[in-house]
Every structure is written in C-alpha cells, then in structure tokens.
Amino acid sequence: MNGRYKYLFSPLRVGPVVVRNRIVFSAHLTNYAADGLPTAQHAAYYAARAEGGAGLIITEEHSTHRTDWPYEKLIHGFHREVIPGYRRITEAVHAHGVPIFAQLNHNGGQASSMYSRLPVWAPSPVPDPMFREVPKAIDTREIAEVVAGYGTVAGHCAEGGFDGVELQCSHSSIVRGFLSPATNLRTDSYGGTVTNRARILLEIIDAVREAIGPGRALGVRLCGDELIEGGTTIGEAVEVAKLVEATGKVDYINTSIGVATATLYMIEASMAIPPGYALFIANALREAVRLPVVGVGRIKDPVQAERALAEGHCDLVGVVRGQIADADFAAKARAGHATEIRTCLSCNQECVGRMGLNRWLGCIENPRTGRESVPLSLPGSRPKRVFVVGGGPAGLQAASTAARRGHHVTLFEREGATGGQVALAASVPSRAEFLDVVRNLLAECRRYGVDVKTGTEVDAGLLISEAPDVVVLATGAKPKPPYWAGEADRVVDVRDVLQGRVAPHGDVLVIDDLGFHQATSVAELLADRGCAVTLSTSGMVVGQDLGVTLDMETFSVRAHAKGIRQHTDEVVLGASQVDGKVVLQMLTHTTGVTDEVHYDWVVCATHQEPEDELWRALADAPFPVHRVGDCLTPRRAHAAVIEGDRVGVSL
C-alpha cells in the first residue's frame, strides 16, 4: 500500500459488505441499455473499473415502474428479463473481487411521457422546468404501487447477484419530489412536515429491505441542497438522514447537490466549479448520523479524495468522471503512480454532453470508455518506424497508442511545446484544466518511449529522405477569414488574440459562428482587459453548445458581471474599415432588417480550414500516410483523440 494515502486505501464495512478501499464509482447514466435491458457494454464498462481497483461500484438507475421512462436507453428493472443481464454485470465485477450495488429509481415529475405514452407521476402537479409537462398527482393507491415497484426491482437485483441496492432520492427522483417543499404541495399524510414528506421513502426502505434480506447492503442517496427557490436545504436533509438512520434498515448514506433539471450544472459541474464544492453536504450529514457517508463534488485526483477523508468530510468518496477518464484510477494511486492517471478535464463534452444528445457515454480523453466490450486487434508481428507530425491531441494520442503497441515512434512539433489549439483554449478564463489532456498524453508518450521533438519543422523532403514505415499527419487547422471581412485589418480571428498578434481595445464585437467556448472565452478575456464586449451569433443563443456541457449557466453569470452584451439572430453581410472603425452591415434575420453598426475591432470565432499542405505534398510518398484530427477536417478535441487512437491501433 502506498503510505501517502492513509485513509483512501483502508477497508470499511458497509452493512454486510466490506469494501477494500474508499473509492466509489458512483451511479451515473451511461445510455448503454438496449430495449430496456442491460448489455454487454454495461458489463465490460463496470468490470474495467473493478479491475482498475475501485472499492465499490454503484450502477446507473434501474427504473422501478412502467410510468418512469424519461429517456430512451433506461434499464427497466421492473421486467424480469433484466435478470440475466444483471448476472452478466455482477459476475464480471465480482471476478475482480469488487462489490457492486444497483441504484433504484423512479424519476417522477422530472420526466416525459414521450416513451411511456403514460402520464408522468409526481407528488403534486408541479411541472418540471426542463420537461414542461404537468404531472399527475398520485393518490395513495398509486403511492403503494410505486413502493411495491421498488421492492420488486430490489428482488430482481438480489436474484441478479448484486451485493446491495441504493435508493436514488436526489438528482431526479419521485422520492426527491416528495421530500422537497418546492414540489410537494400535498395536504394529506404524505405532505406538509418533513416527517410526512419522508413517509414514502421510509415505506420504500421497508419494502426494499424485505426484498433483499439482511445479507445485502441498502443505501439512500439524498440531496443536501436543491439550489432552487423553496427547495430542500441542508437543514431538512439532515432531518431526513436522521429519519433514515432511525429505521435501522439502512447501511449508508450517499449525497448529492442540485436537481437534475433546474440545477443540473451543479450536479455534473464543469471546470468552472471548484473541486470538492459539495463536500459540505456530506460533512453535515456525517455529523448528524453514525452511518457511513459518501462525499461527492468533482473530486478528480486521489490527493483530493484523501484530503476529503482526512478532514472528516466523509467516509467514502465518489469518483465518477475521474474513473470514466481512467479506469485504473484507483490502481495507479495505490501503486504510487498517481501521476500516470489521466485526470478528468471536467469538460463534460463526451460524458454529459453525449448523454444529452442521446448517445452512449464516452470520454474526450479515453477512447476506450464505452468501447470496453469491443476487443482490440492484436499488434502487428513487426514493430514499425512511425513518424507523427503535429503535437496536438490527435498527434499525441496517435503516438502514444502506437508506442504502447510496440512501434518505434517519433513525434515532431514545429512549436516550442506540444498542445496545439488546446494550449490556446486553456489560456483563457476558467479553462486552464483543459490543458490536462495535453499533459496527460505527453506523459504517456514519454512513458512509452516516444521521441518527442519540439521546435522542429517537417517537410515532405525530410520525411521522404528518412523513409519511415508510416507517417501520421496531425498538422491541425488554420484560421479562415470570413467571406465578408474584405480588407478590414481589424477583423481578426480568436487565435490572433490568444497568440498575442493583436490587442483589441475599445468597443469589440465577437462573432460566434461555432456555438462553443471559442467566442465566449475570448469575450471574457477581452472584457477582463477593459474592452466593451458584445457577443453576436446567427443562432438563437450565444454559445449554444455550452448548454450541452453545462457551462451555460456559469458563463452567463460571469458574462453579466463583466458587462458582456449578447446579440442573437444576427448575420454579418459585409465589412469595411473607415477612420479606424470597422463598419458592419448587420442583418437581423428574424425581421429582415439591415443596420449599420460600428466597432473598434471585430474578433471572429468562425470555421477553420485544414492545414493539409503536407498531406498534398506527400500524395506520391512511398509509405502510407494517415491524417487525423483537424488536418482531416476541423472538429473538436474528442474527434482528434479518437482518430489518433484509431490510427495507432491500426498500424
């Protein structure tokens, strides 16, 4: 055991279950289900984290009732057909000596009738702000049906080999709906006082304990602060925790913050939110009860996890995205190799973001996340001499993967340091952690023996003279002036600003054609430098994809504080420069009205073009040439990493 982690790698008894360390792979959605059933993708995904050393795994939610189908790829735990899939999951995890619990849930009013074609059930007819559907207030007979559903699914989980179950009473849950004074407006015995609002939870605890017996663990996950007007706050959460403990039937309490629709950005917090931000909830509950308490809140490395335990905030630590990014998070920490962990970026692009687009969960840094069930091809019989040109994420990933599979790899980067556009993206306010993807990949390249040559320009002549077996081009993309810019030299690209080639001042217009961090980040940077900044987009929302990664709310707060104005539904038709001012012809396309506007500078976050001159020069090269990332076509970092890995595996 690594002596650095006095608490993290100590065992703990959780009811009838002993966990070998305090690292919990907490429940989170994956979208891996098919036709309501768990899949081989689930089994391989959870097994990888068990093999990687997690102390306890808690699966995603299992629906407890036919009225609960808020998203397409949900596990329908109320059907007995799930049991064979449960057994595949539990056997795969148990093979590595790790206990696994199943989370049970009914999403209540935080749902849609789109898939079920049934009314949404909730304690009161309070529509959720995301789904905007008025739920049916369930009567006492239906409450009994919901309670019985939890017992049924708990029985399926026991039959399927799970070591315990967790009741989701946070995030998105009919139980949370009953607990919250914001959504429980009842006047019967299930409404009013905290004790009444907790009644359904206590009844579910009774039903589930009866179904699973004394030999399996039972946990309850509570929301400590919903962060909504009139919602649950820490005082009431503590009262509920005491009621839960008093049943004598619960073995641990898990924690959360926020509501999965109204305040989702605080549940799956982006890098704009400090690590450990929700530990105050676990701390308060731990002081009130004797049960083990799980702490959560963007804990991304083992040092942070150890500190949370050492300072007494919690007894176990939920590390989700950290283990999505690196399945071996726990094993590397335990072995004293914490610096080898691919630390999570909290970018939310391929985990939360993919889920929001109804895709299965992946990771911007880890090409294997979600693909664990797909076997890799065996390396070729002969190691190859591989040249990679470009040290951004695509090139670094290609080099790392190829070297890991036994090839002799040299990577060339023309700049003085690796990173490419990622280094620029990480130089702006609230985005520094994005650079971790480069640091992590560069460390892997060095670990696997890649010869990294920075400050080295490569041309076709050099490559042909060196005659490698394979060349991988990851030369990136370059700014492309918008068609309307004309000869106005004060119409510049975001990269011109971030690389210090220009220093806009005065009134600055930032054009957002990409709907992501490029425009919003440079707008904040310029505002911090004293510019009067206006953001303009042809879309309905500035930075619209920030909503997918849960960055929109925090950006909006900062933008308001910095005086950044936001204009939507605008299209630039033309530009000229007169007396040091940029004059724009601006069309508001919702009305068809064209106006003339004046700014000191215009900064464009617009589409780039591939930097593929070297690709064209190598058209007749005597060796295979592959393109990855933006030099193939400009996209985001996840595509670069996946393509780099794909090419590295194929060599």
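Observations
- If you go through the range 136-179 and keep only what is more than 20 Å from Arg199 (Cα to Cα) and free of Cβ contacts under 8 Å to residues at least 40 places away in the same chain, you end up with nothing.
- Complete set of residues in the range 182-212 that are under 15 Å from Thr140 (Cα atoms) and part of a loop (DSSP other than H, G, I, E, B): Asn184, Leu185, Arg186, Thr187, Asp188, Ser189, Tyr190, Gly191, Ala198
- Index of the failed condition, Pro634 passing every other in (1) more than 24 Å from the chain's Cα centre (by Cα); (2) not in a strand (DSSP E or B): (1)
- Failed item in (1) within 29 Å of the chain's Cα centre (by Cα); (2) surrounded by 21 or more Cβ atoms within 10 Å (Cβ to Cβ); (3) hydrophobic (A, V, I, L, M, F, W, C); (4) closer than 27 Å to Glu226 by Cα, with Cys157 passing the rest: (4)
- Counting only strands (runs of 3 or more DSSP E) that sit wholly inside the range 1-90, those with at least 2 residues that are surrounded by fewer than 21 Cβ atoms within 10 Å (Cβ to Cβ) and among the hydrophobic types (A, V, I, L, M, F, W, C) are 17-19.
- Meets criteria (outside any helix (DSSP H, G or I) and in contact with a Cys (Cβ under 7 Å, 6 or more places away or on another chain)) for Val165: yes
- Within the range 394-417, residues that are of a type in the set (Asp, Glu) reach partners that are surrounded by 24 or more Cβ atoms within 10 Å (Cβ to Cβ) with beta carbons closer than 8 Å, at six or more positions or on different chains, in the pairs Glu413/Gly390; Glu413/Gly391; Glu413/Gly395; Glu415/Gly391.
- Candidates Ala488, Ala523: the one that is part of a loop (DSSP other than H, G, I, E, B) and aliphatic (A, V, I, L, M) is Ala488.
- Within the range 251-284, the set of residues being of a type in the set (A, V, I, L, M), farther than 16 Å from Val175 by Cα and in a loop (DSSP other than H, G, I, E, B) comprises Ala262, Ile267, Ala269, Met271, Ala272, Ile273, Ala278.
- Residue check, Arg501 over 21 Å from Ala561 (Cβ atoms) and not assigned by TED's automatic domain parsing to the domain that holds Asp569: no
- Residues within the range 459-483 that are in a loop (DSSP other than H, G, I, E, B) and surrounded by fewer than 18 Cβ atoms within 10 Å (Cβ to Cβ), tallied: 8
- Of residues in the range 125-149 being within 30 Å of Phe25 (Cα to Cα) and assigned to a loop (DSSP other than H, G, I, E, B), the one nearest to the chain's Cα centre (by Cα): Met130
- Filtered by the rule that a residue be surrounded by fewer than 16 Cβ atoms within 10 Å (Cβ to Cβ) and part of a helix (DSSP H, G or I), the range 443-458 gives Arg446, Arg447.
- Given (1) assigned by TED's automatic domain parsing to the domain that holds Pro16; (2) out of contact with any helix residue (DSSP H, G or I) (no Cβ under 7 Å at 6 or more places or on another chain), number of the condition Lys300 does not satisfy: (2)
- Search result, residues across the range 445-459 that are touching a residue at least 60 places away in the same chain (Cβ under 8 Å) and under 18 Å from Asp328 (Cβ atoms): Arg447
- Residues satisfying the stated conditions in the range 425-439, i.e. within 22 Å of Cys631 (Cβ to Cβ) and crowded, with 20+ Cβ neighbours inside 10 Å: Ala425, Ala426, Phe434, Val437, Val438
- When Thr520 is tested against the conditions (1) within 17 Å of Arg636 (Cα to Cα); (2) without any contact (Cβ under 8 Å) to a residue 24 or more places away in the chain, the lone failure is (2).
- As a summary of the residue check, Gly215 satisfies the conditions (1) in a loop (DSSP other than H, G, I, E, B); (2) closer than 17 Å to Glu142 by Cβ; (3) more than 32 Å from the chain's Cα centre (by Cα) except for the one numbered (2).
- Just one of the listed residues (Val602, Val582) is crowded, with 19+ Cβ neighbours inside 10 Å, within 33 Å of the chain's Cα centre (by Cα) and not hydroxyl-bearing (Ser, Thr, Tyr), and it is Val602.
- Number of residues in the range 394-418 that are over 20 Å from Glu609 (Cβ atoms), of a type outside the set (Val, Ile, Thr) and crowded, with 20+ Cβ neighbours inside 10 Å equals 12.
- Qualifying position, being of a type outside the set (A, V, I, L, M, F, W, C), in contact with a strand residue (DSSP E or B) (Cβ under 9 Å, 6 or more places away or on another chain) and part of a loop (DSSP other than H, G, I, E, B), among Pro383, Pro429: Pro383
- Out of Ala122, Ala111, sole residue that is within 27 Å of the chain's Cα centre (by Cα), touching a residue at least 12 places away in the same chain (Cβ under 8 Å) and buried (at least 24 other Cβ atoms within 10 Å of the Cβ): Ala111
The values are calculated or read from the model by the stated rules, or taken from the named source; none is laboratory data. Quick caveat, the model's predicted, so the values are computed rather than measured. Backbone-built Cβ (ideal geometry, glycine too); neighbour counts: all protein chains shown.
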